[in-house]
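S.K.: Structure in structure tokens, see below.
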Amino acid sequence: MINVMLADDEQLLREGVRLVLRHAEDIRVTAEAGDGAEAVRLACEHDVDVALVDIRMPGTDGLTAAEQLAERAPAVKVVMLTTFGEQEYITRALRAGAAGFLLKDSGPEELIHAVRAAAHGGAILSPRITKDLIATHLTAADSRNVKAQRLVDTLNDRERDVLVLIGVGASNAEAARLLFMGEGTVKTYVSRILAKLGCANRVQAAIIAHDAGLLPTA
């Protein structure tokens with residue numbers, strides 16, 4: 001069972017998300033918060049696997065909450081809830097260790113998939129914000145490219161192959177099939193790559209792969 005916390009100052013939105021998640025037999029909402037400070041407190045007090053956190057909340061906002069959760073409850077996977085056009089916040093949240101982003105108007109299936117993916121260590125980036133996310137990161141490309149290349153240079157050839165597949169969103173099972181490995185071996189490689197790159201999750205590793213020029217451009 002995946003335990004979820006909802007953090008949003010809009011009660012109506014929380015109720016809508018809760019109703020959607022009720023349709024998934026493996027997901028249950030165990031806590032709800034109206035601001036970031038309450039979200040951090042509840043995540044530490046309850047058994048929470050995934051936290052769906054609104055970026056903009058009164059008092060302690062979602063970004064600050066994500067940073068505090070990374071320190072106080074690192075096992076909790078944080079998925080930021082956002083509206084289109086808030087890409088300026090994305091970099092900070094990813095650096096804080098957020099598992100990804102989901103638009104508030106995402107459909108039920110996308111929401112349930114995001115919760116499951118986050119719980120199992122996957123990356124969640126809503127397709128509709130991916131283009132703008134990449135554009136945002138390109139604005140300071142030069143310095144990031146140099147840093148990313150230095151990090152990638154610490155990987156061996158096989159680790160780079162796995163990193164490329166992480167960057168294009170392949171699951172461990174898909175990577176195992178494409179690289180003719182066992183899925184357990186891929187998991188070991190992923191853990192090793194995250195450690196070498198200093199990444200908290202696959203999203204951050206994918207950003208480094210992009211910045212280092214490892215991903216296909218088309």
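The values are calculated or read from the model by the stated rules, or taken from the named source; none is laboratory data. Since this is a predicted model, take the numbers as computed values, not measurements. Here Cβ is always computed from backbone atoms with ideal geometry, including for glycine, and neighbour counts include all displayed protein chains. Calculation scope for accessible area: heavy atoms of the full protein, side chains included, ligands and nucleic acids excluded. Shrake-Rupley method; radii C 1.70, N 1.55, O 1.52, S 1.80 Å.
S.K.: For the range 1-40, report the accessible area per residue in Å² (1.4 Å probe, heavy atoms, rounded to an integer).
M.R.: The answer is 49 Å² per residue.
S.K.: If you don't mind, another one. Run the helix sum for the chain: -39,500 (n - 2.57) per DSSP H stretch of 4+ residues, divided by residue count, reported at 222 nm to the nearest 500 deg cm²/dmol.
M.R.: -16500 deg cm²/dmol
S.K.: Just to check I understand the Karplus step: with θ = phi - 60° and J = 6.51 cos²θ - 1.76 cosθ + 1.60, what whole-Hz values come out for the range 163-175, glycine and proline as x?
M.R.: 4, 4, 5, 4, x, 9, x, 6, 6, 4, 5, 5, 4
S.K.: Could I ask something else about it? Starting with the highest mean, order 108-119, 183-194 by the number of other Cβ atoms within 10 Å, averaged over the residues of each peptide.
M.R.: Taking the mean over residues of other Cβ atoms within 10 Å, the ranking is 108-119, 183-194.
S.K.: Here is a follow-up. Can you pull the percent of the chain's accessible area that's carbon plus sulfur, 1.4 Å probe, other chains left in place?
M.R.: 52 percent
S.K.: Sorting check: for 169-182, 62-75, which peptide has the highest mean count of neighbouring beta carbons within 10 Å, and how do the rest follow?
M.R.: 62-75, 169-182
S.K.: Nearest 10 degrees, 0 to 90: what angle lies between the long axis of helix 127-138 and the longest principal axis of the chain (Cα atoms)?
M.R.: Helix 127-138 and the main axis of the chain meet at about 60 degrees.
S.K.: Also: Working from Cα positions, state the angle (0 to 90°, nearest 10) between the long axis of helix 108-119 and the longest principal axis of the chain.
M.R.: 60 degrees
S.K.: Considering the Cα trace of the chain, what is its radius of gyration and what is Dmax, both in angstroms?
M.R.: Radius of gyration, then largest Cα-Cα span, for the chain: 17.2, 50 Å.
S.K.: Also: Which order do the peptides 24-35, 144-155 take when ranked by the mean count of other beta-carbon atoms within 10 Å per residue, highest first?
M.R.: Descending packing order for the listed peptides: 24-35, 144-155.
S.K.: Right, something else. Could you give the size of the charge dipole of the range 173-218 about its Cα centre, using +1 on the Cβ of each K and R and -1 on the Cβ of each D and E, expressed in debye and rounded to the nearest 20?
M.R.: Roughly 140 debye for the range 173-218.
S.K.: Once you list every other residue whose beta carbon is under 13 Å from the beta carbon of A117, what net charge do they have if Lys and Arg are +1 and Asp and Glu are -1?
M.R.: Details: positive: K77, R116, R202; negative: D26, D49, E109, E110.
That sum, taken over residues with Cβ under 13 Å, equals -1.
S.K.: Here's another thing I want to ask about it. Rounded to two decimals, what ratio of Rg to Rh does the range 1-103 give with C-alpha atoms and a Kirkwood Rh? The partial results should precede the final answer.
M.R.: Working: Rg = 12.3 Å, Rh = 13.2 Å.
Taking Rg over the Kirkwood Rh, I get 0.93.
S.K.: With the cut-off at 29 Å, tell me which of the pairs K104/K147; K104/K187; K77/K196 have Cα atoms farther apart than that. Present the calculation step by step, with values, prior to reporting the outcome.
M.R.: Working: K104/K147 33 Å; K104/K187 31 Å; K77/K196 21 Å.
In this structure, K104/K147; K104/K187 lie more than 29 Å apart at Cα.
S.K.: Another question, then. Given +1 on the Cβ of Lys and Arg, -1 on the Cβ of Asp and Glu, and no further charges, what dipole in debye does the chain carry about its Cα centre, rounded to the nearest 20?
M.R.: Values: 24 positive and 30 negative charges, 154 e Å.
With Lys and Arg at +1 and Asp and Glu at -1, about 740 debye.
S.K.: Tell me the angle of helix 141-152 to the major Cα principal axis of the chain, expressed in degrees between 0 and 90 and rounded to the nearest ten.
M.R.: On a 0 to 90 degree scale, this one is about 70.
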